[in-house]
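The values are calculated or read from the model by the stated rules, or taken from the named source; none is laboratory data. Only a predicted model underlies this, so the values are computations on that prediction, with no experimental measurement involved. Note that each Cβ is placed from the backbone with ideal geometry, even for glycine, and that neighbours are counted across all protein chains shown. Heavy atoms of the whole protein, side chains included, go into the accessibility calculation; ligands, DNA and RNA do not. Shrake-Rupley method; radii C 1.70, N 1.55, O 1.52, S 1.80 Å.
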Amino acid sequence: MTLRAAAAVLAGALTLSGCSSSGAGGSTDGLDVVAAFYPFQFVAEQVGGDLVQVTNLTQPGSEPHDLELTAQQTASLGQADLVLYQTGFQAAVDDAVAQSAPKASIDVASIVPLADPVESVDLGEDDAGDDDEHFAKDPHEWLDPRNMITITNAVRDELSELDAEHAEQYRANADTLVERLTRLDADFAALGECQQKTFVTTHAAFGYLATRYGLNQIGISGLSPDEEPSPARIARVQQLARDNGVTTIFYETLVSDKVASSIAGDLGLATDVLDPLEGITDQSRGDDYIEVMESNLAALRTANRCG
Ligand SMILES: [Zn+2]
């Protein structure tokens, strides 16, 4: 920490304008940003550009619910210039941030208004399923592009404060991302024309998206993807799918498609991917948040017979 600080001061003294220092190697160049999971990594990379190194605590190919941290990852938080996370979603990260006191942090739960969970599969009082992960609030706010704009602006402000010399660059990068997110939001607004409003998906990650664009989500599992749906819940999902003329059962890239495929098979329906962007891999339908969201939009338009 002391060495890094000294190196940063030295680099600052030697570099009178513009570019980040080079030479001394790795971690002394630019700001170290740690993101708790993919959408925050995306924002940090877009806004920080070459001026930051971004580390994602959630490994590619795993989903961020129930994340466990290694000792090394916990230690890395204490070294970070900025940590992006969301309290109430990943308990291990909440604990590690509290213990390790990073230089700066953004708790997205404090800048984006989180919604109460909406349960779209009503099973009556006795069989509510045994959800092992109870959320006070629905954590999946990043699936509303307008919330991503809020996060983008917060990251711009924080990076500009930590590295005032490059504030103009952070602002320009953030403006570019906000433009892309604004276009994405406008594209999604076309979902208002869909004949059919209901969609069925693997875990109930799309509540914010559904609320924003006037759709109705039915989650085969609740807010957590590792929750095993009860037979009663599966039967209820099938009933709702039939009643609402659903054409497609959606599954995800990072969790098993077994239950989704079996429901689709029973009902003779199609399956397709609706990606909650909890991580990105080679299997993702797109290289980044915006591209995968555009793929989600295309899938919803087809499934819900949109104009
Ligand atoms: Zn989720």
*For the range 200-227, name all the residues that are open to solvent by 10 Å² or more (accessible area, probe 1.4 Å), more than 16 Å from Leu123 (Cα to Cα) and not in a helix (DSSP H, G or I).*
Thr202, Gly214, Leu215, Asn216, Pro225, Asp226
*Can you tell which of Thr248, Thr198, Thr202 is under 23 Å from Ala115 (Cα atoms), of a type in the set (S, T, N, Q) and more than 15 Å from the ligand (Cβ to nearest atom)?*
Thr198
*Go through the range 170-200 and give me each residue that's touching a Gly at 6+ places or on another chain (Cβ under 9 Å) and closer than 26 Å to Pro225 by Cα.*
Leu191, Gln196, Lys197, Thr198, Val200
*When you scan the range 89-103, how many residues do you find that are buried (at least 23 other Cβ atoms within 10 Å of the Cβ) and farther than 17 Å from Trp142 by Cβ?*
1
*asked:* So for the range 49-57 (the condition being at positive phi, at pLDDT 75 or above and not in a loop (DSSP other than H, G, I, E, B)), does at least one residue qualify?
replied: yes
*Every residue from the range 144-198 that is touching a strand residue (DSSP E or B) at 6+ places or on another chain (Cβ under 6 Å) and either basic (Lys, Arg) or without any contact (Cβ under 8 Å) to a residue 40 or more places away in the chain (or both)*: Lys197
*Got at least one residue in the range 254-264 being buried (at least 19 other Cβ atoms within 10 Å of the Cβ) and under 14 Å from the mean Cα position of the chain (by Cα)?*
yes
*Return yes when Glu63 is touching a Gly at 6+ places or on another chain (Cβ under 8 Å) and in a loop (DSSP other than H, G, I, E, B) and no when it is not.*
yes
*Candidate set: the range 60-88, residues that are open to solvent by less than 10 Å² (accessible area, probe 1.4 Å) and within 16 Å of the ligand (Cβ to nearest atom); chosen: the one nearest to Gly48 (Cα to Cα)*: Gln86
